[in-house]
1. Determine the share of the range 240-322's accessible area contributed by carbon and sulfur atoms, expressed in whole percent, with a 1.4 angstrom probe.
2. Work out, step by step, the length gained on full extension between Asp410 and Ser361: first 0.36 nm times the residue separation, then minus their alpha carbon distance; give nm to one decimal.
3. Sum -39500 (n - 2.57) across every DSSP H segment of at least 4 residues in the chain, then divide by the residue count to get the 222 nm mean residue ellipticity, nearest 500.
4. Label Asn50 and Gln348 with points 7 Å out from Cα along Cα→Cβ: what is the distance between them in nm?
5. Under 25 Å Cα to Cα from Lys185, which lysines show up? Leave out anything in the same chain fewer than 8 places away.
6. What FRET efficiency comes out for the pair Asp395/Phe455, r = Cβ-Cβ distance, R0 = 41 Å, nearest 0.05?
7. To the nearest Å, what is the center-to-center distance of the range 294-343 and the range 197-233, using C-alpha atoms only?
8. Note down the nm distance, to one decimal, between modelled labels 7 Å out along Cα→Cβ at Thr503 and at Val98.
Amino acid sequence: MNIRKLVAFIMHLAVFLHSYDAISQRKKQPIDTSAYLKQPNRIEFNFEMNDIEFTVINAQEEGLLVVKETTVRNENGFGWVLYKLDTALQIEWTKLLVVPFEYAIRGWDYSTGNFYLLFSSQQYSLDEFVIYSVEEEAGNIQDHAISTVFPIQLSHFEVLGDAVLIAGRVNFKPAVLTFDLRELKPRVIPGIYNSDSELLEIFVDDRLQVFSVAMMERLLDRRFAVTVKTYTTTNQQIQSNRVMPRERTSIINAAPIQFSNGFQYIAGAYSLRSRDYSRGLYLSKFVSGSQEMTRYYSYADLSNFFNYMGAKREQRVQGRIEKRKEKGQKIRFNYRLLMHEIIQQNDQLLLVGEVYYPRYSHYTRYGNAASNTFARNLTTITGYKFTHAIVVAFDKNGKILWDQSFPIEDVFKDELSKTVQVIAKKERVELHYLEENVIRSKVVIGEEVFEGKSFTPIRLKSSKDQNVLKDPKVEGLELWYGSTLYAYGEQQLEYSVTDKVKTKRDVFYINKVYYNLDDSSQ
């Protein structure tokens, strides 16, 4: 080995050891601060023989509505029980709602003092719906029959003031309709119904009483762009911003912040033509409807995207990235990313996403057509496995200030929905999710990780209770109001009456949760 090669080898070894040591140091077990995660209140509902399912509707500072579906019946339908809770999880009132036998719940929401439950028939075409409005203060119930005129494959249900939004697919095209609860006549939002478009998400701004519709659109060259259109509750379009992709790329999702004084930011993921797998992130800035700036960042550009891995595996990935950079080459990564809304924190824009992949089931379908036996191999998605969440902080010019990742362990869902709850305070960012009766948290202060990971078990009501159901089918964690969350789920509890006598009961629980780093008593 000549001197030049020896020097190069020593330099590469030094870089390797420094990188590995930095990654290892970062992955050392942090100080456990899980005691700061408070659970001051809890309520339990015993599962009775006729109970089917519990649903929780969030009314922020006004509390929660718990909806219990049962098989208790009379001549008019099944009995559904409504429990209104305050923010201390105390029951304020209980009401009985009788729902016709053939109806199933399709959606729910809360807006300006009322809860809303959307039902439709399971046996007929999806153009007839019933909305039950439940007064938050006294529990008075009123029903509203609405018709979309044409069948719609429902995907979104939102209520904004007196306006009801119903969105989905009509004849394989996206459509958004609004109803005024005082008139109950459908109004189709213009500019949405298009065979080359796909509805991504609807974002509601209760403060401004406007909503935004994000759509992915196929271009003539088969790439994709994203358009975000903002409307009033009377369907008046007040802004339309279109994110056009750069050469050879596609824009495949979007998370906007509501426009203010003509300014709006839209962020999301981009790909190379694929509608499913992304290559990195983008941030666009619009001024008075014009795309002023768009910046792109591949996943390899992020400092901490891969730190959910073990130290050795992360070091190997980072080593591959560095070698490609030295050769002037780019390394490409493909990920499915579930986007959150953009969060404004001080002068920063926080983009949050969750990385996942679908799991498939393969099976063979046999049949007989005109006496010819055939077999067909089919594949179906059975659920979604999550690996990690990312938080990327941008400045107002689209420059990345810092990024962090948060491992999501053991989470598998039947339907694709957000797992991680993000709370942005002035001085820190909190990330929390619930899995197997344990709240898992990470706290970032500035660019530093204050706490890498903490594990806090769901608090039970009595010290004599023991949770038997280790992997419940139903559980979740939701942002409630301010920095407060609520955890919910099903548990099977074993209670020790004596040393030899134990009883079991199945419950649906709700726990109030908040993170208090300012508590000096710990």
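The values are calculated or read from the model by the stated rules, or taken from the named source; none is laboratory data. The structure displayed is predicted, hence computed values, not measured ones. Here Cβ is always computed from backbone atoms with ideal geometry, including for glycine, and neighbour counts include all displayed protein chains. Accessible surface areas use protein heavy atoms only, side chains included; no ligands, DNA or RNA. Shrake-Rupley method; radii C 1.70, N 1.55, O 1.52, S 1.80 Å.
1. 42 percent
2. 15.8 nm
3. Numbers: 2 runs with 40 residues, N = 522.
Rounded to the nearest 500, the figure is -2500 deg cm²/dmol.
4. 5.3 nm
5. Lys173, Lys229
6. Values: r = 34 Å, r/R0 = 0.82.
Here the calculated transfer efficiency is 0.75.
7. Between the Cα centre of the range 294-343 and that of the range 197-233, the gap is 28 Å.
8. 3.3 nm
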